[in-house]
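Chemist: First the structure, then my questions, so here it is.
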Amino acid sequence: MLDTASLKNLLAQPQKIVITTHHKPDGDAMGSSLGLYNYLIQQGHHTTVITPTDYPDFLSWMPGNEEVIVYTEHIKEANELIADATVIFCLDFNHLSRINDMGAYVRASGAYKIMIDHHLEPEDFDDYRHWDINACATAQLVYDFIVNILNNNKLVNKDVATCLYTGIMTDSASFKLPNTTSAVHRVVADLIDAGAVNWRIHELVYNSASENRLRFLGHCLTNCLEVLPEFNTAIIVVSKQDLEKYQVDTGDTEGVVNYGLSINSIRLAAFIVERNDKIKLSLRSKGDFPANEICKLYFSGGGHRNAAGGESTAGLQEVVAKLKLILPEYKKLLTQ
């Protein structure tokens, strides 16, 4: 393992650096990756962000996005960069399975592997770890890494600040989740002072939906939503045919689960969607209800207490039925 002094010495000289994040990156994944990218290039490091898959168009405006390599579209080039890297930053994930086929190449690389993350139960593949499950976003930890570990707050310029603000904003549900502490707001204030234009970032992320996305959302709420009042639970179920009908793009399903959670008295919301090869689940909860426990025990997943995900190779209706069978086990927590 690297200690902090050794890490500082390593990064004091130009390195060949790869930054990667989890598949189907969200705002925190891309915000933290591009925030770190814009910091490292100021120091002369040869730095490349490689994402395992594509990501939503509403994140493509961030500074440095034009340099991102999508692994599935440039496999040979990406594998060569990973093999040649001296440092690999792994952001917003802590198991190499979360980067799909890239995982084997990152594991085999001789590069120093630096994990910055806030998820539970990290895999032991890294050489240096900046990890805190109480952080509201990985972007918050990247800020802390730059400012308090590397002592380089002067290099948090407008581009760095813009990306990190995006990550914190999206992973905190626009600063609404319980882990949005006063410390988070102080970080956000620093990022605004450094040049992040908060209202503009909000517009670019949240007010840039396509017509298809809005029609898809209307379909989800009108035709796919089931409320189970006896369990204070809302379930939205979307088929492959629904995705095709509304020409759903990457990112169009982002946040749909939260509409279920917004209903009065609902403590658990599930968004269950049929993809080509498996069923994906997104769970959101209020208070102390352990959404991550359900995903971990029953759907090969995990996450945070109030925001978790899982998957299954069973059929769509089988997965829905399984979730409904599980709910009675948690009735006391759901109805207290």
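Chemist: Whole-Hz ³J(HN,Hα) for each residue in the stretch 218-231, computed from phi via Karplus 6.51 cos²θ - 1.76 cosθ + 1.60 with θ = phi - 60°, x for glycine and proline: what do you get?
Modeler: x, 4, 4, 6, 7, 10, 10, 8, 10, 9, 10, x, 5, 10
Chemist: Name the residue, out of 189, 234, 291, whose mean-square fluctuation peaks in a Gaussian network model built on the chain with Cα pairs under 10 Å.
Modeler: Greatest mean-square fluctuation among the candidates belongs to 189.
Chemist: Taking the alpha-carbon centroid of each part, what is the distance from the stretch 150-198 to the stretch 284-335 in angstrom?
Modeler: If you average the Cα positions of each part, the centres end up 31 Å apart.
Chemist: Roughly how many nanometres apart are two label points built 7 Å out from the Cα toward the Cβ at residue 249 and residue 202?
Modeler: Rounded to a tenth, the inter-label distance reads 2.4 nm.
Chemist: Now a separate question. Which shape class applies to the stretch 249-332: rounded if a/c is under 1.5, otherwise prolate when a/b exceeds b/c and oblate if not, where a ≥ b ≥ c are the square roots of the Cα gyration tensor eigenvalues?
Modeler: Verdict is oblate for the stretch 249-332.
Chemist: By accessible area of protein heavy atoms, probe 1.4 Å, what ranking do 296, 286 get, highest first?
Modeler: Greatest to least solvent exposure: 296, 286.
Chemist: Using a Förster radius of 35 Å, what is the FRET efficiency between residue 69 and residue 175 based on their Cβ-Cβ separation? Nearest 0.05, please.
Modeler: 0.65
Chemist: Something else about it: Whenever you get a sec, line up 150, 283, 333, 297 from highest to lowest accessible area (probe 1.4 Å, protein heavy atoms).
Modeler: 297, 333, 150, 283
Chemist: What does the charge dipole of the stretch 146-282 about its Cα centre add up to, to the nearest 20 debye, if the Cβ of each Lys and Arg holds +1 and the Cβ of each Asp and Glu holds -1?
Modeler: 220
Chemist: If I compute solvent accessible area with a 1.4 Å probe over the protein chains, what percent of it on the chain is carbon and sulfur?
Modeler: 48
Chemist: Using 0.36 nm times the number of residues separating residue 241 and residue 278, minus their current alpha carbon distance, what extension gain do you get?
Modeler: Going from the current span to full extension adds 11.9 nm.
Chemist: Along the positive direction of the dipole of the chain (beta-carbon charges: Lys, Arg +1; Asp, Glu -1; about the Cα centre), which of 168, 43, 17 reaches farthest?
Modeler: 168
Chemist: Comparing 222, 48, 233, which has the greatest mean-square fluctuation in the GNM of the chain with Cα pairs linked when under 10 Å apart?
Modeler: 222
Chemist: Which residue fluctuates most in the GNM of the chain (Cα springs below 10 Å): 21, 86, 51?
Modeler: 86
Chemist: Which whole-number value in Å² is the accessible area per residue of the stretch 1-86, probe 1.4 Å?
Modeler: That works out to 41 Å² per residue.
Chemist: If you compute mean projected area of the Cα convex hull in nm² for the structure shown, which of (1) 20.3; (2) 16.5; (3) 17.4 do you land on?
Modeler: Read-out taken from this structure: (2).
Chemist: Sticking with this one: Return one number: the angle in degrees, 0 to 90 and rounded to the nearest 10, between the long axis of the Cα atoms of helix 182-193 and the longest principal axis of the Cα atoms of the chain.
Modeler: For helix 182-193, the angle is close to 60 degrees.
Chemist: Another question, then. Under 8 Å for C-alpha pairs, at least 6 residues apart: give me the relative contact order for the chain, rounded to a whole percent.
Modeler: 13
Chemist: Work out how much length residue 77 to residue 1 would gain on full extension: take 0.36 nm times their residue separation and subtract the Cα-Cα distance, in nm to one decimal.
Modeler: Gain on extension, residue 77 to residue 1, equals 24.5 nm.
Chemist: Looking at the square roots a ≥ b ≥ c of the eigenvalues of the Cα gyration tensor of the stretch 1-90, which shape do they give, rounded for a/c under 1.5, prolate if a/b is larger than b/c, or oblate?
Modeler: prolate
Chemist: List, in the order given, every pair from 280/324; 113/296; 286/332; 240/278; 176/286 whose Cα-Cα distance in the structure shown is over 19 Å.
Modeler: Exceeds cut-off: 113/296.
The values are calculated or read from the model by the stated rules, or taken from the named source; none is laboratory data. Keep in mind that this is a model prediction, so the values were computed, not measured. Reconstructed Cβ throughout: ideal geometry from the backbone, glycine too, with neighbour counts over all protein chains shown. All accessible areas refer to the heavy atoms of the entire protein, side chains included, with ligands and DNA or RNA removed. Shrake-Rupley method; radii C 1.70, N 1.55, O 1.52, S 1.80 Å.
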